[in-house]
Amino acid sequence: MNLNPTIVEYFDDLKAIRRKLHTFPEIGTQTVETAAFIKSRLDEYGIGHEDIGENSVIARVEGRASGKTVAFRADIDGLEISEKNDFSHRSETCGKMHACGHDGHAATLLGLARYISTHREFDGAVLLLFQSGEEGYGGALKIIGDGLFDKYDIDYMFGYHNWPGMATGQIAVHPGPCMASEDRFDIIVTGRSGHASMPHGCIEPFAPVADIIKGAQSIIARKVPSHDRAVVSITQVHGGSAYNIIPDSVTIRGNVRTCNPGVQDMVEDSLREIIDGVSKMYGVETEFTYNRLHPVLVNQTPGIGVRAGEAVAGKGNVVTDILSAMGSEDYAFYMEKTKGCFMWIGNGEESPLLHNSRYDFNDELLLVGASLFVALIDELL
Ligand SMILES: [Zn+2]
Ligand SMILES: [Zn+2]
């Protein structure tokens, strides 16, 4: 490891910040206290800031001369999980927990903020973006909708996620897709209700629902090329209320993930074809709603991430051939607008998984992450 020596001097402070953030997780875009805490630290470092999106914070720091703008993004929201850890920095709010390590991501970015407040030997500007609402609350879209790319001329953006299961401090940079898209769908199948003893007088909706569910699985088995990956999961089926009534309608809900935007289009089209076919076969009405929540996160300029990663962690400690994850990340929206990449840093091979009630962010990553950000500034500005 070739950690930045100034960042190493901040370790006790960064650890204290991270552990403080861990005690008061906030959900979605309701990160009022978290944003206030971040702003107070930026004030301490003499860095001006403004609010953006919903309870997100942005700060722009200019270097010694004009040049490109490089943005760094950390997510700051927690999750609705009851923490099972009993260490002293555990969550003080029952039912809320920093179980994805966003406390660590935010503290890392504060480490970079402190560093550039006294090290402005770069040509250009650094943007620090502390983002609320990553966990499915549209935080990135709110920031983009609030004019992020109109107000700031962003040339590159970088961010990272801690990654349980990877060795502490190991860095992964995917050469293309890094995290999957996530789409959600609703299908309402409507027939005609009636007495269970007289199905011939009804149009019963359950047989068509069964065919739709089976058909959806055949998309993965028969239509997704074997070198690509996709998941279609049926996660809810709602219908009926009694033993002796055939109901009017049944609702199916589910989730689609892929690492290839072309496959994403194919899955949506195939679901529609299956539903239309079943509708004709059984004479039922169908209503299909398909919502694209997050696009595929595609790293735009991964080579820069690899070079900076190797400068910090050493050549043997940066991997580029690791499988992309089927989890999604709203950082994907930024990669549709600018260059840059999203990296993973190992949280330890023994670390509990993300979103687990015994998870905790590995404080050693504060140094790796902040050193990596500094290395990216050295590389680009
Ligand atoms: Zn998460
Ligand atoms: Zn996360």
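Restricting attention to region 118-138, the residues that are among the acidic types (D, E) and away from ligand 2 (no atom under 16 Å from the Cβ) add up to 2.
Listed here are the residues, each with its yes/no results for (1) surrounded by 24 or more Cβ atoms within 10 Å (Cβ to Cβ); (2) in contact with a strand residue (DSSP E or B) (Cβ under 6 Å, 6 or more places away or on another chain).
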{"position": "K84", "(1), (2)": "no, no"}
{"position": "L109", "(1), (2)": "yes, yes"}
{"position": "G145", "(1), (2)": "no, no"}
{"position": "T168", "(1), (2)": "no, yes"}
{"position": "V173", "(1), (2)": "yes, yes"}
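If I go through region 340-357 residue by residue, how many of them are more than 15 Å from ligand 1 (Cβ to nearest atom) and either surrounded by fewer than 23 Cβ atoms within 10 Å (Cβ to Cβ) or at positive phi (or both)? Residues flagged as more than 15 Å from ligand 1 (Cβ to nearest atom) and either surrounded by fewer than 23 Cβ atoms within 10 Å (Cβ to Cβ) or at positive phi (or both) within region 340-357 amount to 4.
Kindly indicate whether G316 is within 22 Å of A375 (Cβ to Cβ) and either more than 18 Å from the chain's Cα centre (by Cα) or among the acidic types (D, E) (or both). Against the criterion (within 22 Å of A375 (Cβ to Cβ) and either more than 18 Å from the chain's Cα centre (by Cα) or among the acidic types (D, E) (or both)), G316 qualifies. For E134, the stated conditions hold: it is in contact with a strand residue (DSSP E or B) (Cβ under 8 Å, 6 or more places away or on another chain) and surrounded by 23 or more Cβ atoms within 10 Å (Cβ to Cβ).
Just so you know, in region 87-107 the residues that are assigned to a helix (DSSP H, G or I) and among the hydrophobic types (A, V, I, L, M, F, W, C) include one that is surrounded by the most Cβ atoms within 10 Å (Cβ to Cβ), and it is A107. Applying a threshold of 6 Å to beta carbon distances and a minimum spacing of six or more residues, or different chains, the list of pairs starting in region 76-93 at a residue that is not assigned by TED's automatic domain parsing to the domain that holds N55 and ending at one that is within 16 Å of ligand 2 (Cβ to nearest atom) and in a loop (DSSP other than H, G, I, E, B) is empty. For region 156-205, no strands (runs of 3 or more DSSP E) sit wholly inside it while including 1 or more residues that are free of Cβ contacts under 8 Å to residues at least 12 places away in the same chain and of a type in the set (F, W, Y). Does T258 fit the bill of being surrounded by 21 or more Cβ atoms within 10 Å (Cβ to Cβ) and outside the structural domain of G136 (by TED's automatic domain parsing)? It is true that T258 is surrounded by 21 or more Cβ atoms within 10 Å (Cβ to Cβ) and outside the structural domain of G136 (by TED's automatic domain parsing). Of everything in region 207-228 that is out of contact with any helix residue (DSSP H, G or I) (no Cβ under 8 Å at 6 or more places or on another chain) and buried (at least 16 other Cβ atoms within 10 Å of the Cβ), the residue that is nearest to S328 (Cα to Cα) is I220.
Here's the yes/no breakdown for (1) out of contact with any strand residue (DSSP E or B) (no Cβ under 6 Å at 6 or more places or on another chain); (2) away from ligand 1 (no atom under 14 Å from the Cβ); (3) polar (S, T, N, Q); (4) free of Cβ contacts under 8 Å to residues at least 40 places away in the same chain:
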| residue | (1), (2), (3), (4) |
| --- | --- |
| T29 | yes, yes, yes, no |
| A36 | yes, yes, no, yes |
| L42 | no, yes, no, no |
| G46 | yes, yes, no, no |
| N55 | yes, yes, yes, no |
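The values are calculated or read from the model by the stated rules, or taken from the named source; none is laboratory data. Bear in mind that the values here come from a model prediction, so they are computed numbers and not experimental data. Heads up, the Cβs are rebuilt from the backbone with ideal geometry, glycines too, and the neighbour counts pull from every protein chain shown.
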